[in-house]
1. So, in region 209-261, how many residues would count as being among the charged types (D, E, K, R), assigned to a loop (DSSP other than H, G, I, E, B), touching a His at 6+ places or on another chain (Cβ under 9 Å) and under 22 Å from V281 (Cα atoms)?
2. Tell me the residue from Q175, Q224 that is farther than 26 Å from A97 by Cβ and surrounded by fewer than 24 Cβ atoms within 10 Å (Cβ to Cβ), please.
3. Which residues, taken from region 3-61, are among the charged types (D, E, K, R), under 17 Å from the mean Cα position of the chain (by Cα) and in a loop (DSSP other than H, G, I, E, B)?
4. For region 71-80, indicate whether the set of residues that are farther than 17 Å from K13 by Cβ and in contact (Cβ under 8 Å) with a residue 24 or more places away in the chain is non-empty.
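Derivation of every value follows stated rules applied to the coordinates shown; laboratory data play no part. The structure displayed is predicted, hence computed values, not measured ones. Cβ: placed from backbone, ideal geometry, glycine included. Neighbour counts: every protein chain shown.
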Amino acid sequence: MATAFISHPHCRKHDMGAYHPESPERLGAIEDQLIASGIGQHLAHHQAPQAKVSNLARVHPMEYISHIRSSAPQSGTVHLDPDTAMNPHTWDAALHAAGAAVLATDLVMKRQADNAFCSVRPPGHHATRNRAMGFCLFNNVAIAAKHALEEHGLERVAIVDFDVHHGNGTEDIFQDDARVLMVSTFQHPFYPYSGTEHPAPNMVNVPLPAGAGSQLFRDAVTQQWLPALEAFKPQMLFFSAGFDAHVEDDMAMLRLVDADYAWVTQEIKAVADKYAEGRIVSVLEGGYNLSALGRGVTAHIKVLGGL
């Protein structure tokens with residue numbers, strides 16, 4: 001077996017405008033760096049199917065799903081909020097992004113892959129049960145986690161979110177769900193200005209100040225994430241893998257470096273090996289400096305694949 005790399009060409013057709021940071025070029029930058037590093041040839045490449053509406057409905061109400069579908073324009077662009085827009089290809093791209101996360105879960109649970117990385121867009125961790133925001137329409141990682149719980153019968157799954165922005169949508173969906181532990185770091189105060197006010201017991205939210213750097217991030221992981229994960233003993237782990245905390249990414253100011261992404265992946269992989277038979281699914285979230293994004297994802301996948 002190998003690490004599965006799951007994407008779909010339609011994910012590049014979703015376009016929110018020429019100057020939008022969440023651009024189609026992000027996926028090309030990842031694949032270019034995987035090829036340049038020699039990693040790409042060691043991955044098992046899969047095209048993502050479209051998620052079924054029943055997959056989405058485990059997380060989002062049908063009224064919301066219908067609203068997103070009916071909002072898709074025949075031409076041009078329509079804004080769902082000031083940051084989040086749809087073009088005629090967005091609905092298909094969003095279905096393939098969610099479908100990648102579902103396929104990844106199936107491949108890992110069925111022992112057809114050691115673990116998986118979903119190189120998809122639009123991202124998902126800001127999508128709440130019934131609101132699109134922060135570039136996100138459907139919460140891909142939440143859809144995958146619910147699939148593992150309800151389709152594969154797992155009792156405990158963990159979501160690890162190292163994006164620079166708090167995964168408010170994932171928290172909205174899983175707060176007080178004892179089957180799910182979410183651990184996260186994020187810059188604070190910063191968009192979406194959440195994650196610090198009375199989090200639920202199953203949320204280990206660690207806000208970090210601007211300029212925090214590698215040491216504060218690593219302290220958060222070792223002192224807060226890992227003890228919580230050890231106590232929880234997850235049967236599967238999911239990454240909300242955002243690379244926008246990188247020092248070269250001018251969207252934020254946490255100042256992580258490539259080595260931090262390799263390190264945190266190794267720490268979480270050790271937990272997965274100990275409690276979850278190595279089962280990990282990673283889903284792309286943020287990361288807007290194309291060079292840093294490609295290098296960060298490559299460092300992440302290199303550890304996942306033991307390469």
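1. Of the residues in that region, 1 qualify.
2. Residue meeting the stated conditions: Q224.
3. E22
4. So in region 71-80, the residues farther than 17 Å from K13 by Cβ come out as 79-80.
Narrowing further to those that are in contact (Cβ under 8 Å) with a residue 24 or more places away in the chain: 80.
Within region 71-80 (the criterion being farther than 17 Å from K13 by Cβ and in contact (Cβ under 8 Å) with a residue 24 or more places away in the chain), the answer is yes, since at least one residue qualifies.
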